[in-house]
Amino acid sequence: MQALVGDRLAGDWPAVRFHPGDLDWWVVLADERMPALTERVRLWIGGDGTLVGYAWFTPPAEVDVLVGGLKPGAARNLMIEMLVWADSRRSAIGGLDTEPLRAWVAAEDRAAMGAMVAAGMTPERRPGFVHFTGDLSVGDDWPAPALPASMRFRRLETDADIEARVACGRVAFPDSTMTVDRYRHVRDAWLYRSDLDLQIVTQEGLAVAFALGWLDPTTQTVELEPVGVHPDWHRRGLGGEVCRAVLRAARELGATRALIGAASTNSAALALYASLGLQITSEIVAFTTARAPLASTST
C-alpha cells in the first residue's frame, strides 16, 4: 500500500492526496480499536498480482480511496466499486440509521471526482483540508533557530519524553486518543525515524511543541504529521521553530520536498505553513451519499 501511495505521490506531485507515512500514522491511530483494520481496509489486486487500489473505511461512515496504474475510466469504475463496498461496511458496522457515507478526495483528481458523481454522491458543504507542498530549498531563506534560553529541542529517547509528548498532544488536540502505549507503537512504524520526531521542552521537561516527520526515501518527500503547540505557548513562534527543525533534519537525510496538511479553517496552521515558504497545491473535499445504501453503477 505504501508503494502504491509513493507511486501516486511521485506522479501527482504537487497535487497529492496521500503520503506513505499517512498509512503508518493511521495504523497506530487504529490500534486497539474495533472493528479491526482487517474488517475495514480492502485491497484490490490486478490480473498480474499487483496492488491497484485500496479503500480505507473509518467508522462510523468515512472512507478514503486510492487507485493507481489504471486508465481514467477503469480507475473511476474501480473507485465506484470501492464506494459500494465502503457503504456496505457503514451499514454492517453502524446500521442503516448511521450517518451517510462520506468520502474524501483530492479536488484535482479527475477520476476520483468523476467516480463520486457517477456513484450518486454529492459535494458536502463542510470545510475540508488543504495540502501545502514545496521544494526544501525554501529552507535556505529560513531564519536561524532562536529558542528562548529556557527551552531546547529534544528527541523522544526515554519514557519520560514519550509521556511529555503525549501529554502535550492531548492538550493541543482535545479530541486526541493517543496514549503512551500507542505512541510506543508509533516508534515501531515502518517509516518512523527518531531523528525526525522532535519536541521543544522547558527546563522542567514539559513539552510545549512537537512535530513528527515521515520521510519516504523513494520520493525523497517528508511529511509533517502531526504538528502541535501547547495552548499556553501559542503565538511565540514555537510551531515554526519545531517545523523548521524537523524539515532541516529531513533535508540532511536526503529529503528534497515537503508535504503538510491542514484543515482549511485552521487559520493559525495555514499561516504557519505558509511562513515556511510552502504553498497550497491541493484541496481535499468531501462527498456524501443519501442514507440509502449505494448500488453498483454500470458504465
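Below is a table of values for the structure above.
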quantity	calculated
Search result, residues across the range 159-177 that are in contact with a helix residue (DSSP H, G or I) (Cβ under 9 Å, 6 or more places away or on another chain) and modelled with pLDDT under 95	ASP159, SER176, THR177
Number of the exception - ARG89 against (1) crowded, with 19+ Cβ neighbours inside 10 Å; (2) charged (D, E, K, R); (3) at pLDDT below 95; (4) under 20 Å from the mean Cα position of the chain (by Cα)	(4)
Checking VAL84 against (1) open to solvent by less than 40 Å² (accessible area, probe 1.4 Å); (2) within 22 Å of the chain's Cα centre (by Cα), the condition it does not meet	(2)
Only one of GLY240, GLY228 that is open to solvent by less than 10 Å² (accessible area, probe 1.4 Å), more than 25 Å from ARG8 (Cβ to Cβ), part of a strand (DSSP E or B) and of a type outside the set (A, V, I, L, M)	GLY228
Residue count for the range 249-258, restricted to those that are touching a residue at least 60 places away in the same chain (Cβ under 8 Å), assigned to a helix (DSSP H, G or I) and farther than 14 Å from ASP135 by Cβ	0
Lone unmet requirement of (1) open to solvent by 70 Å² or more (accessible area, probe 1.4 Å); (2) closer than 27 Å to HIS185 by Cα; (3) of a type in the set (Val, Ile, Thr) for THR122	(2)
Count of the range 170-202 residues which are of a type in the set (Lys, Arg), in contact (Cβ under 8 Å) with a residue 40 or more places away in the chain and outside any helix (DSSP H, G or I)	1
Test: THR288 is of a type outside the set (D, E, K, R), within 26 Å of ARG126 (Cα to Cα), surrounded by fewer than 20 Cβ atoms within 10 Å (Cβ to Cβ) and touching a residue at least 12 places away in the same chain (Cβ under 8 Å)	yes
Any hit, the range 1-12, residues being farther than 27 Å from LEU224 by Cβ and open to solvent by 20 Å² or more (accessible area, probe 1.4 Å)	no
Qualifying residue in the range 132-147 (condition: under 24 Å from ASP24 (Cα atoms), at pLDDT below 95 and open to solvent by less than 40 Å² (accessible area, probe 1.4 Å))	no
Test set (1) touching a helix residue (DSSP H, G or I) at 6+ places or on another chain (Cβ under 9 Å); (2) open to solvent by 10 Å² or more (accessible area, probe 1.4 Å); (3) within 26 Å of LEU212 (Cβ to Cβ) - GLY73 fails condition number	(3)
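The values are calculated or read from the model by the stated rules, or taken from the named source; none is laboratory data. Because the structure is a prediction, the values reported are computed rather than measured. Positions of Cβ are backbone-derived with ideal geometry, glycine not excepted, and every protein chain shown enters the neighbour counts. Note: areas computed on protein heavy atoms with side chains; ligands, DNA, RNA excluded. Shrake-Rupley method; radii C 1.70, N 1.55, O 1.52, S 1.80 Å.
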